[in-house]
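Enquirer: A single structure is presented below for examination.
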C-alpha cells in the first residue's frame, strides 16, 4: 500500500486532478482510496456521480461516535473508496483538529486493513502545512507528498512553503517529496518557469497536465474527464501520470 498526500495552493485543481488520478490508477488495475481533507467535503464528488459521502466530522457531531465504516464510506466508480473528513460548524472549532479526528477514526476502524487499497490519496486543504493539516506529512500517514502547482507566482510560493515543511520533518523519517505535478493555467513560458523552480528545490516534475476545457465539461456532469472520454488527449495525459505514480503500466 502506498499512501500519498497531495498538497498545493487553494484553487489549483487538486481535487479534480486527484480524482482523475484515482480513476486512472483504478483503470490500471489498482484498488484506490481517496480521502478528502477539506471541510468543504467536495474532494470525491466526481467519483460518486454527485452522491456525497457523509463527512466523518458530520457523523461524529450527530452521533458522537462512528461505529462502522459504512457510515462514512461511499464506493465510487471502479470501486474507488471515497471518504470525506468534513469539518466543524462554520465559525466554530478548528478544521485541522477535525482532520486529526477523522484520521484517528479511520485508524480505529481499521479502514486500511478492511479495504486493503493499493493506493491511498489524501487530498489536503490548500497550502496549509500547520496543525492538523500537516498530519499526513508528520504523523506517518503518508509515505509520499506530491505538490501540485502552476507557473503562477502565488502557486509557486505555496509550493515552496510546502517543500520547506517537508524538509523540516526529513530527520524524522516522515513523508518524502515524490515530486511536482504541473497543472497548467496557460501563462506565458509556464513549463520553463516550473522547470526552473523544480531545479531550485531539487524536485522532479512527475506530471504535466495541459489546460483543457473538457475537464470542466465533464466536471459539470460529476465525472472525471477520464470517465467522460478516456480517449481524449487530456485523459491519456492524466493516465500517463497515473502510470508514473504506479511505477509501471498496470497491476500484474
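Enquirer: Among the numbered criteria (1) surrounded by 15 or more Cβ atoms within 10 Å (Cβ to Cβ); (2) without any contact (Cβ under 8 Å) to a residue 60 or more places away in the chain; (3) in contact with a helix residue (DSSP H, G or I) (Cβ under 8 Å, 6 or more places away or on another chain); (4) under 21 Å from residue 22 (Cβ atoms), which one does residue 149 miss?
Expert: For residue 149, the failing item is (2).
Enquirer: Given (1) under 16 Å from the mean Cα position of the chain (by Cα); (2) surrounded by fewer than 16 Cβ atoms within 10 Å (Cβ to Cβ); (3) modelled with pLDDT of 95 or more, where does residue 121 come up short, assuming only one miss?
Expert: (2)
Enquirer: Shifting gears a bit: Go through 186, 126 for me and flag whichever is modelled with pLDDT under 90, surrounded by fewer than 21 Cβ atoms within 10 Å (Cβ to Cβ) and at positive phi.
Expert: On the way: 186 fails: modelled with pLDDT under 90.
Criteria check complete, one pass: 126.
Enquirer: Quick check: is even one residue across segment 137-148 at pLDDT below 95, within 29 Å of residue 98 (Cβ to Cβ) and in a helix (DSSP H, G or I)?
Expert: Residues of segment 137-148 at pLDDT below 95: 137-145.
With the extra rule that they be within 29 Å of residue 98 (Cβ to Cβ), the set shrinks to 137-145.
Going one step further and asking which of them are in a helix (DSSP H, G or I), we end up with 137-138.
Taking every residue of segment 137-148 in turn, at least one turns out to be at pLDDT below 95, within 29 Å of residue 98 (Cβ to Cβ) and in a helix (DSSP H, G or I).
Enquirer: Report every pair of residues separated by at least 6 positions or lying on different chains whose Cβ atoms are under 7 Å apart, first residue within segment 92-103 and at pLDDT 80 or above, second surrounded by fewer than 21 Cβ atoms within 10 Å (Cβ to Cβ).
Expert: Short answer, once both residue conditions are applied: 101/60; 103/141.
Enquirer: Which members of segment 1-10 meet the condition of being within 11 Å of residue 148 (Cα to Cα) and either free of Cβ contacts under 8 Å to residues at least 40 places away in the same chain or not in a loop (DSSP other than H, G, I, E, B) (or both)?
Expert: 5, 6, 7, 8
Enquirer: Continuing with this model, one more query. Only one of these is surrounded by fewer than 24 Cβ atoms within 10 Å (Cβ to Cβ), touching a strand residue (DSSP E or B) at 6+ places or on another chain (Cβ under 7 Å) and outside any loop (DSSP other than H, G, I, E, B): 26, 22. Name it.
Expert: Values: 22 fails: surrounded by fewer than 24 Cβ atoms within 10 Å (Cβ to Cβ).
Of 26, 22, the one residue that is surrounded by fewer than 24 Cβ atoms within 10 Å (Cβ to Cβ), touching a strand residue (DSSP E or B) at 6+ places or on another chain (Cβ under 7 Å) and outside any loop (DSSP other than H, G, I, E, B) is 26.
Enquirer: Just name the residue that is surrounded by the most Cβ atoms within 10 Å (Cβ to Cβ) out of those in segment 45-64 that are assigned to a loop (DSSP other than H, G, I, E, B) and either out of contact with any strand residue (DSSP E or B) (no Cβ under 6 Å at 6 or more places or on another chain) or free of Cβ contacts under 8 Å to residues at least 60 places away in the same chain (or both). So that I can check it myself, show each step before the final result.
Expert: Within segment 45-64, the first condition is being assigned to a loop (DSSP other than H, G, I, E, B), and the residues that meet it are 48-55, 64.
This time we only want the ones that are either out of contact with any strand residue (DSSP E or B) (no Cβ under 6 Å at 6 or more places or on another chain) or free of Cβ contacts under 8 Å to residues at least 60 places away in the same chain (or both), so: 49-55, 64.
Details: 49: 12, 50: 10, 51: 12, 52: 13, 53: 28, 54: 17, 55: 22, 64: 8.
Taking the candidates together, the pick is 53.
The values are calculated or read from the model by the stated rules, or taken from the named source; none is laboratory data. As the structure is a prediction and not an experimental result, all values here were calculated from the model. For neighbour counting, all protein chains shown are included, and Cβ atoms are generated from backbone atoms with ideal geometry for every residue, glycine included.
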